[in-house]
């Protein structure tokens, strides 16, 4: 009979306890995760090549995609992965900040442990420093601008706010992409900008061309062509059906007794007259486009062609919902009984050949009220298309974040350095062992400008000392790393573009990273149950004939 704690659990279970086996190993695992993503931070970040369990290849610098596809197993590292995933869900950007900052906090905590501090003292100091950092953000002392509702609906100001988020993914194309994303967001933005729905900005990826060929459409782009010979229409009504456009089919099987060839002819004629009458009614009501989620029968196809009605089939109910929002239609569940109020309106439908494929473009007039806009992304390879799609997604999410809270802070490491300087001073005034952890929290905030400098091939220590000197001035909160000119500069007063981050993104990222780090430091024991199932099958032994 085993003695002590092992006697509590089944055979095969594992129990780890103590500083070496738990806290330091957890910290080491989290630092390993942080090192993977930190080289991808900023405009000069490097790409990672990740091949998932389905052998699908991802070439990207997007931390959210990298972490999701890595399938991290370590329980402590999973906490940071979940924090990064929460940042991606709520804000849409900043997941790399969460991973890098949390990893740096744990690295500094490791240094304090080797100095002799107890984890509870570190947790106490980190908690005070974290509350101080949120206090500094909420005091608006670090806020450099706030966009009004009118500015959120202005192309130039919205594009300037979106641009830094895109530059971190597609450096060199950020100006063009920011402009078309701003156009798409303004088109899809409701009267209450706070209720902006990112699903209303669609992305259509078309292989071929250059990234600079990407464009925006006021409406929807469907990557398929119409069913009939009618390829384009101007200024017409749109009917959207969730049922099949065909003669009525009964749910039960029936038998029809036909005694002569004349009976057979009359039976077919009656069915034709019925479907023709229905199509004629829609044509008389001004319907020029028919969209359905089910099949279009051959007879209905013939009469739709006869009346010059464009028809298209969509296999997704979500696409049907979006097309209804685009044209302002109500989905019809049956062919009969439609009213004029159920139809939508479209200014123009046309087919266009892109990259060897044909797309159907539903485009509204410039003065028409539509809820959906589509960004057509072009690129030479599928990997580039996927990466540009992630950049566009980040830009749209930033527009949504600005709708919730329009405050902006200086980017390029400026706000982190200002917070580090102020928390350092706060740590000097603190008493007890907490002050060491508070100062280490301030040092951990230096990691963002430090990594930006490293990834740009600059001397990080030299730039950190320059930033500390610059931040002693009254305008210091705006000074960050200008990677284009290889020097420090004012991020709120640059020619051509501003480098600004959203206040909400920074607030949420610091909150999640600090909470994840504190949670990991509070763990002093790991208990693992025995894995379910029997013994595992031996691997890499080959066939017995080969032995």
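Take residues that are assigned by TED's automatic domain parsing to the domain that holds residue 30 and closer than 24 Å to residue 63 by Cβ and tell me which of the helices (runs of 4 or more DSSP H) falling wholly in the range 93-206 contain 3 or more. Fully inside the range 93-206 and qualifying: 95-115, 119-138. Just one of the listed residues (297, 315, 308) is at positive phi and surrounded by fewer than 18 Cβ atoms within 10 Å (Cβ to Cβ), namely 308. Of all residues in the range 394-423, those that are more than 12 Å from residue 136 (Cβ to Cβ), surrounded by fewer than 24 Cβ atoms within 10 Å (Cβ to Cβ) and over 21 Å from the mean Cα position of the chain (by Cα) total 0. The residue list 10, 48, 56 contains one member that is exposed (fewer than 12 other Cβ atoms within 10 Å of the Cβ), modelled with pLDDT of 80 or more and over 21 Å from residue 108 (Cα atoms), which is 56.
Here residue 386 passes the criteria (1) touching a residue at least 60 places away in the same chain (Cβ under 8 Å); (2) under 17 Å from residue 144 (Cα atoms) except the one numbered (2). If you go through the range 204-215 one residue at a time, how many are surrounded by fewer than 19 Cβ atoms within 10 Å (Cβ to Cβ) and in contact with a helix residue (DSSP H, G or I) (Cβ under 7 Å, 6 or more places away or on another chain)? Final tally of qualifying residues: 3. Listed conditions (1) more than 17 Å from residue 405 (Cβ to Cβ); (2) modelled with pLDDT under 85 are all met by residue 147, apart from (1). The set of residues in the range 323-350 that are at pLDDT 80 or above, crowded, with 18+ Cβ neighbours inside 10 Å and over 25 Å from residue 192 (Cα atoms) comprises 331, 332, 343, 347, 349. If the condition is being in contact (Cβ under 8 Å) with a residue 24 or more places away in the chain, over 20 Å from residue 228 (Cβ atoms) and more than 31 Å from the chain's Cα centre (by Cα), then the range 331-344 contributes 333, 334, 336, 338, 340, 342.
The values are calculated or read from the model by the stated rules, or taken from the named source; none is laboratory data. Predicted model, so just to flag it, every value in this text is computed and none were measured. In this analysis, Cβ positions are derived from the backbone assuming ideal geometry, glycine residues included, and neighbour counts consider all displayed protein chains.
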